[in-house]
Amino acid sequence: MTRLRVAPTKSNQLGLRRQLAFAEEGYELLEQKRQLLVLELMRRVPEVKRLQQRVLERLARAHSALQDAELDLSSLELDALALAVPTDHQLRVEQRSLMGVLLPSVSFVPAAPAPLRGMLDSSASTDEAQVRFLALVPLLVELAAAQAAVLRIAAELRKTQRRCNVLSRIYVPNFKETLGYIAGYLEERERESIVILKWVRSRLRTTPP
């Protein structure tokens with residue numbers, strides 16, 4: 001604790017009391033926010049893990065379909081067919097506020113599906129691979145938004161925790177230490193004034209007119 005460098009006066013005492021009350025109220029609000037952020041983070045982390053597992057499972061199925069396609073066509077033919085895959089997909093990104101944290105909400109609008117036909121013939125396996133990889137994209141978008149939300153909540157939680165620590169470990173103790181010093185100083189001055197007043201009264205009684 002560090003005593004603030006202020007004059008031990010009544011006005012400073014009143015001002016510090018107001019600042020202490022404000023700091024304590026701010027700490028209580030930040031602590032409530034910290035607890036809510038912790039709960040929100042604990043709720044979202046398992047969801048991210050669940051999405052990650054789903055992505056891995058669907059990715060494995062998509063790669064399996066791609067391997068089947070490679071048995072029907074050569075890698076060069078698959079590369080040529082990949083150029084015909086529609087890529088004009090759209091992402092719609094919105095944000096909503098959660099305790100001051102902007103969290104992304106992303107929706108995926110796929111391009112119109114098209115069969116892989118062109119100069120080279122495709123196969124059922126190539127169409128299946130296309131379908132499986134395309135079905136993976138919305139899940140990846142959902143996972144990316146969920147991970148971004150978790151990272152932002154975690155960053156806000158760290159910031160809130162630092163502010164709580166500063167208030168509880170520095171500002172509030174320093175205000176209390178200074179107020180204790182001022183209270184002691186003013187009490188001592190008051191006792192001195194009482195002693196002086198008694199001495200003056202006793203002198204006035206013993207002094208002849």
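Key figures for this structure:
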read-out	value
Gaussian network model of the chain, springs between alpha carbon atoms under 10 Å - residue of TYR171, TYR27, TYR185 with greatest fluctuation	TYR185
Rounded tilt (10° steps) of 124-166 against the dominant C-alpha axis of the chain	10
Normalised per residue, the volume of the convex hull around the Cα set of the range 1-67 (Å³)	130
222 nm mean residue ellipticity, helices alone, for the chain (DSSP H n ≥ 4; -39,500 (n - 2.57); rounded to 500)	-26000 deg cm²/dmol
The chain: most fluctuating residue of ARG61, ARG44, ARG34 per GNM, C-alpha cutoff 10 Å	ARG61
Choice from PRO104, PRO138, PRO46 with maximal GNM fluctuation in the chain (Cα, 10 Å cutoff)	PRO46
Aspartates and glutamates with Cα under 17 Å of LYS198, excluding same-chain neighbours fewer than 8 positions away	GLU187, GLU188, GLU190
Cα-based reach from LYS159 at 16 Å (exclusive), listing aspartates and glutamates while leaving out same-chain residues under 8 positions away	GLU28, GLU31, GLU40
Anchor LYS10: lysines whose Cα lies under 22 Å away (excluding residues fewer than 8 positions away in-chain)	LYS176
Furthest towards positive pole of dipole, VAL195, ALA154, LEU81, structure part the chain, Cβ charges	VAL195
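Where a number appears in this text, it was derived from the coordinates with a stated rule and is not lab data. Being a predicted model, the structure only gives us computed values, none of them experimental. In this analysis, Cβ positions are derived from the backbone assuming ideal geometry, glycine residues included, and neighbour counts consider all displayed protein chains.
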